[in-house]
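Peer 1: Please see the structure below; I have some questions.
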Amino acid sequence: MEHLRLPDHVVHWHKDRRLLALRRFETAYRGAPVTVAAATLLADQAKFDVVLANDADTLPLALELAPYGGVHLDLHEYAPRQSEESWRWRLFVAPYYRWLLRRHGREADSASTVGRWLAREYRREFGLTCAVVPNAAPYADRTPTPVGAPLRLVHSGLARRGRSLHVMVDAVRSCQRDVTLDLYLMPNDPTYLEQLRASCADLPQIRFHDPVPPEQLGDALAAADLGVFVLPPVNFNYRFTLPNKFFDFVQARLGIVVGPSPEMADLVRHHRLGVVLDDFTGEALAAALDALSDAQVADFKAASDTAARELSAQEQVRGWVRAVDTLAARVGG
């Protein structure tokens, strides 16, 4: 297997804003540094049997490779509405993605996305039929740990202002029971991260950790009791989020507490993994934590253990396998 590495200096999302404003989308795509770099790397490659296009930006280039079996398009977020709370995104970027998907989306031979609600919206707006393949974590052979005293909460992810991490801080501050909160955060917004740290200066039960490599994250999470993710729906993708951390929590054999985000809420209820809050506030989170018994938390952790195989990458990735196998079967008739 050969790996073609893009140059480290290439910023994958960079596009000429002037061209986007002028609606010269084709020129913006062709001139984007990542498109130029990828096209250069692929120029001397032999023709491929099947190409898996990883997200919308790669699709035109993937189609030009004209693989014998075809192209499978894997869409992660709902591209046109990914950061729609930003006027800059709505003005400059969203029209570009709508152009790209209207022009090229149905040229892909098959497609997938990470959740049912996103799949419905891709079909409604662009006529794309998407299989659902969540970003699940690999199966881990673990046993749930006993419930701790105090109750141990954990969250991992990006330190971004839009993630509203202060909701968890507010909940810890308001809780009547003893809880701890461990945060494993990527420093995407260092200023916000420092502000968040400062807001917790009087809360020694909240601990900030350096990010850990993916292969170590499961062990770090498994020391907790409940994985928490309460994400106010400031944009379409946040409303219908089904993030990889949800599946990380399952593989760590944690109970899970989420806001009323439909994709996560459905899985929590179906597998009895934890608690779905009534709203996205710290007050709701604190009230839910105060109402939980240790026996309930133990049951949630046991339910994660029961669901771990079904919700693992090895099982969920079958959607990709079926799609690629279907395209590969075309090769050679």
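The values are calculated or read from the model by the stated rules, or taken from the named source; none is laboratory data. A quick note: this is a predicted structure, and the numbers were derived from the prediction, not measured. When we count neighbours, we look across all protein chains shown, and the Cβ atoms used for this are built from the backbone with ideal geometry, even at glycine. To get the accessible areas, we keep the full protein, side chains included, count just its heavy atoms, and leave off ligands, DNA and RNA. Shrake-Rupley method; radii C 1.70, N 1.55, O 1.52, S 1.80 Å.
Peer 1: Which residue pairs have Cβ atoms under 7 Å apart, sit 6 or more places apart or on different chains, and have a first residue in segment 172-195 that is surrounded by fewer than 18 Cβ atoms within 10 Å (Cβ to Cβ) and a second that is part of a helix (DSSP H, G or I) and among the basic types (Lys, Arg)?
Peer 2: Here the result reads ASP189/ARG161, each pair linking segment 172-195 to a residue that is part of a helix (DSSP H, G or I) and among the basic types (Lys, Arg).
Peer 1: Answer yes or no as to whether ALA140 is out of contact with any strand residue (DSSP E or B) (no Cβ under 8 Å at 6 or more places or on another chain), hydrophobic (A, V, I, L, M, F, W, C), more than 25 Å from SER312 (Cβ to Cβ) and surrounded by fewer than 19 Cβ atoms within 10 Å (Cβ to Cβ).
Peer 2: So ALA140 does not fit the description; no.
Peer 1: Restricting attention to helices (runs of 4 or more DSSP H) lying wholly within segment 137-253, give those where 2 or more residues are polar (S, T, N, Q) and within 21 Å of the chain's Cα centre (by Cα).
Peer 2: Per the criteria, 244-251.
Peer 1: Right, next: May I ask you to verify whether VAL10 is farther than 21 Å from ARG120 by Cα, in contact (Cβ under 8 Å) with a residue 60 or more places away in the chain and open to solvent by less than 40 Å² (accessible area, probe 1.4 Å)?
Peer 2: Here the answer is no, as VAL10 does not meet what is asked.
Peer 1: Let me spell it out: the conditions are (1) without any contact (Cβ under 8 Å) to a residue 24 or more places away in the chain; (2) open to solvent by 30 Å² or more (accessible area, probe 1.4 Å); (3) out of contact with any strand residue (DSSP E or B) (no Cβ under 8 Å at 6 or more places or on another chain), and LEU65 meets all of them except one. Which number is the exception?
Peer 2: It is condition (3) that LEU65 fails.
Peer 1: Is it the case, given these coordinates, that LEU267 is within 16 Å of the chain's Cα centre (by Cα), within 30 Å of ARG81 (Cα to Cα), assigned to a helix (DSSP H, G or I) and not basic (Lys, Arg)?
Peer 2: Taking the combined requirement at face value, the residue satisfies it.
Peer 1: Going residue by residue through segment 312-327, is there one that turns out to be among the hydrophobic types (A, V, I, L, M, F, W, C) and under 26 Å from VAL169 (Cβ atoms)?
Peer 2: no
Peer 1: Consider ALA224 against the criteria (1) modelled with pLDDT of 95 or more; (2) more than 23 Å from ALA302 (Cβ to Cβ); (3) in contact with a strand residue (DSSP E or B) (Cβ under 9 Å, 6 or more places away or on another chain): it satisfies all of them except one. Which criterion is unmet?
Peer 2: (2)
Peer 1: Inspect segment 289-298 for any residue being under 27 Å from SER112 (Cβ atoms), open to solvent by less than 60 Å² (accessible area, probe 1.4 Å) and either out of contact with any helix residue (DSSP H, G or I) (no Cβ under 6 Å at 6 or more places or on another chain) or not in a strand (DSSP E or B) (or both) and give the result as yes or no.
Peer 2: No: zero hits.
Peer 1: Right, another one. Do the conditions hold for ARG239, that is, is it in contact with a strand residue (DSSP E or B) (Cβ under 7 Å, 6 or more places away or on another chain) and closer than 30 Å to ASP109 by Cβ?
Peer 2: It is false that ARG239 is in contact with a strand residue (DSSP E or B) (Cβ under 7 Å, 6 or more places away or on another chain) and closer than 30 Å to ASP109 by Cβ.
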